[in-house]
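Notes to accompany the following structure.
The values are calculated or read from the model by the stated rules, or taken from the named source; none is laboratory data. A quick note: this is a predicted structure, and the numbers were derived from the prediction, not measured. Neighbour counts run over all protein chains shown; Cβ positions are idealised from the backbone, glycine included.
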Amino acid sequence: MSELALLGGPKVRTKPFPAYRTIGEEEKAAVNRVMDSGVLSRYLGAHHEDFMGGPEVRSFEAEWAAATGARHALAVNSASSGLHCAIGAAGVGPGDEVIVTPYSITVSATAPIVFNAVPVFADIDPETWCLSPQSIRERITPRTRAIIVVHIFGQAADMDPIMDLARQHNLVVIEDCAQAPFGMYKGRPVGTLGHMGVFSLNYHKHIHTGEGGVVTTNDPVLAEKISLIRNHAEAVVAAKGVGDLTNMLGFNFRMGEIEAAIGRCQLAKGATLVDERRRNVQHLEKRLGGVPELILPQERTGDKHVYYTHTLRHDPAKTEVGRDLYVEAIKAELPLTEGREGEGVLVRAGYVKPIYLQPMFLTQTAYGRAQCPFRCPHYDGKQDYRAGLCPDAEAANASIMIHELMRPPMTDADLNDVANAFLKVHDNLGSLLDFSLRRAA
Ligand SMILES: *Cc1c(COP(=O)(O)O)cnc(C)c1O
């Protein structure tokens, strides 16, 4: 048995892992088609036939809607923009609260602030890391207007009880599907379970257009509001005859024709790319299943986990070696990934610090010196963002290990190297423990 690389032994592998590259000849041809047309965007911010964009945007939207089973799909320039559209379309405003998760990227929790509403953090389910329905229930107040549910790491949140709560309390549910395109909850596609779904097409996501996003909904009224917020609503409402002017201050969140043309190609590949990830995870989990200190992610019956990342838990009851050193030892065994060399080995201890621990929340400072929306005179609630607010999110971040070494085109041989790194660390836990004691002394 060779010594751990962290302790000076040979690495399991030195040859870099292959880049995740989804852009190919189809996308080049699609981009050239747009270039040849000379029309890189056809939007007009006016009540006009070009209000809904050009031919590539419209085709992309129709194809996205068909692929996901949503009645309406609206292309935007990022999922962040999409969340802003969704919150605005939901009618969220000053004095309102929106229940959000602490365990995601910040925009999943800050989008309500753009409409002067206050994010209220509910805790997560320690098994799926998505919002816990029980915790949501405890944090609903008369001020609650909406919930942003994130399907984190590619796994669907437990939507049925969340939608029950939403019906009881008349809340709008926005699904942040940025990490879960093509995912399923009990046989139903994510993004169609709540009132609106938001997808990301940024470079790091399963499929991408460089930057981009999509908002889905089955509700034609919400679809119209999203299209207005995306494209200069205030300048369009009068001519369009829009009656409800709530949140009809628009932005420019429009997607260009080149991105839409790329998006159509990417959409066609998406399901296959997801299936490859699932197959790769299965291969890895077959090798890692017997390692007692690793708790593998569980897929709910009827669900389709799309593995934005492969997220494992480190069980401290099974080894005295702490999670951080364990991850350090695994990283030392493995090489970089082509195209992302600057990020180091794509294995991480933890994901993000709970969002409420960021300075904007700790100090409750967003708009102006008046600290709106937190101290807004329209807001009669009070938030106390502090450590301890969501104990399960804080605990999760101290126990999870995330890796991305299951993305196509990883071969079985590549995957075996990943598994071998974990198994080697497991087999050397004794020497790793000695090392940690020496280092502490
Ligand atoms: C990536 C991501 C977003 C934001 O996507 P952009 O398209 O970069 O704005 C939002 N939520 C989650 C969960 C994400 O992973």
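A few notes on this one:
- Answer from LEU312, LEU346 - the residue that is modelled with pLDDT of 95 or more, of a type in the set (A, V, I, L, M, F, W, C), within 16 Å of the ligand (Cβ to nearest atom) and in contact with a strand residue (DSSP E or B) (Cβ under 6 Å, 6 or more places away or on another chain): LEU346
- The condition of being in a loop (DSSP other than H, G, I, E, B), touching a Ser or Thr at 6+ places or on another chain (Cβ under 7 Å) and hydrophobic (A, V, I, L, M, F, W, C) holds for only one of VAL321, VAL306, VAL291, that being VAL321.
- Only residues that are more than 16 Å from the ligand (Cβ to nearest atom) and either in a helix (DSSP H, G or I) or in contact with a Phe, Trp or Tyr (Cβ under 8 Å, 6 or more places away or on another chain) (or both) were counted across segment 86-95, and they come to 5.
- Taking the conditions (1) away from the ligand (no atom under 16 Å from the Cβ); (2) of a type outside the set (A, V, I, L, M); (3) under 30 Å from VAL149 (Cα atoms); (4) modelled with pLDDT of 95 or more in turn, TYR43 satisfies each one other than (3).
- Residue pairs whose Cβ atoms lie under 9 Å apart, sitting 6 or more positions apart in sequence or on different chains, and linking a residue in segment 354-365 that is at positive phi to a partner that is among the aromatic types (Phe, Trp, Tyr), are GLN364/PHE374; GLN364/TYR385.
- So HIS195, is it away from the ligand (no atom under 15 Å from the Cβ) and under 28 Å from GLY154 (Cβ atoms): yes
So that you can scan it fast, the table gives a plain yes or no per residue for (1) touching a strand residue (DSSP E or B) at 6+ places or on another chain (Cβ under 8 Å); (2) over 20 Å from PRO181 (Cα atoms):
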position: THR101; (1), (2): yes, no
position: PRO119; (1), (2): yes, yes
position: PRO133; (1), (2): no, yes
position: ASP164; (1), (2): no, yes
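- The one condition in (1) assigned to a helix (DSSP H, G or I); (2) within 14 Å of the ligand (Cβ to nearest atom) that ARG279 fails to fulfil: (2)
- Segment 62-85, subset of a type outside the set (Lys, Arg), more than 16 Å from the ligand (Cβ to nearest atom) and touching a residue at least 24 places away in the same chain (Cβ under 8 Å), residue surrounded by the fewest Cβ atoms within 10 Å (Cβ to Cβ): GLY69
- The set of residues from segment 123-137 being closer than 28 Å to TYR367 by Cβ and either within 11 Å of the ligand (Cβ to nearest atom) or surrounded by fewer than 24 Cβ atoms within 10 Å (Cβ to Cβ) (or both) comprises just one member, SER135.
- Qualifying residue in segment 158-170 (condition: of a type outside the set (Val, Ile, Thr), assigned to a loop (DSSP other than H, G, I, E, B), within 23 Å of THR68 (Cα to Cα) and more than 12 Å from the chain's Cα centre (by Cα)): yes
- For ASN218, the requirement of being surrounded by 15 or more Cβ atoms within 10 Å (Cβ to Cβ), more than 22 Å from the chain's Cα centre (by Cα) and more than 16 Å from the ligand (Cβ to nearest atom) is not met.
- Unique match (being surrounded by fewer than 19 Cβ atoms within 10 Å (Cβ to Cβ), within 16 Å of the ligand (Cβ to nearest atom) and in contact (Cβ under 8 Å) with a residue 60 or more places away in the chain) among ILE105, ILE174: ILE105
- SER59 meets all of the listed conditions (1) away from the ligand (no atom under 16 Å from the Cβ); (2) within 23 Å of VAL274 (Cβ to Cβ); (3) of a type outside the set (Lys, Arg); (4) crowded, with 20+ Cβ neighbours inside 10 Å but one, namely (4).
- Scanning segment 1-22 for residues that are out of contact with any strand residue (DSSP E or B) (no Cβ under 8 Å at 6 or more places or on another chain), surrounded by fewer than 16 Cβ atoms within 10 Å (Cβ to Cβ) and in a loop (DSSP other than H, G, I, E, B) yields MET1, SER2, GLU3, GLY8, PRO10, THR14, LYS15, ARG21.
- Qualifying residue in segment 347-356 (condition: over 25 Å from ARG13 (Cβ atoms), touching a Phe, Trp or Tyr at 6+ places or on another chain (Cβ under 6 Å) and either buried (at least 18 other Cβ atoms within 10 Å of the Cβ) or among the polar types (S, T, N, Q) (or both)): yes
Every residue, every condition in (1) farther than 17 Å from ILE402 by Cβ; (2) surrounded by fewer than 20 Cβ atoms within 10 Å (Cβ to Cβ), yes or no:
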residue	(1), (2)
LEU249	yes, yes
PHE253	yes, no
GLU259	yes, no
GLY263	yes, no
ASP275	yes, yes
ASN280	no, no
LYS304	yes, no
HIS310	no, no
ARG313	no, yes
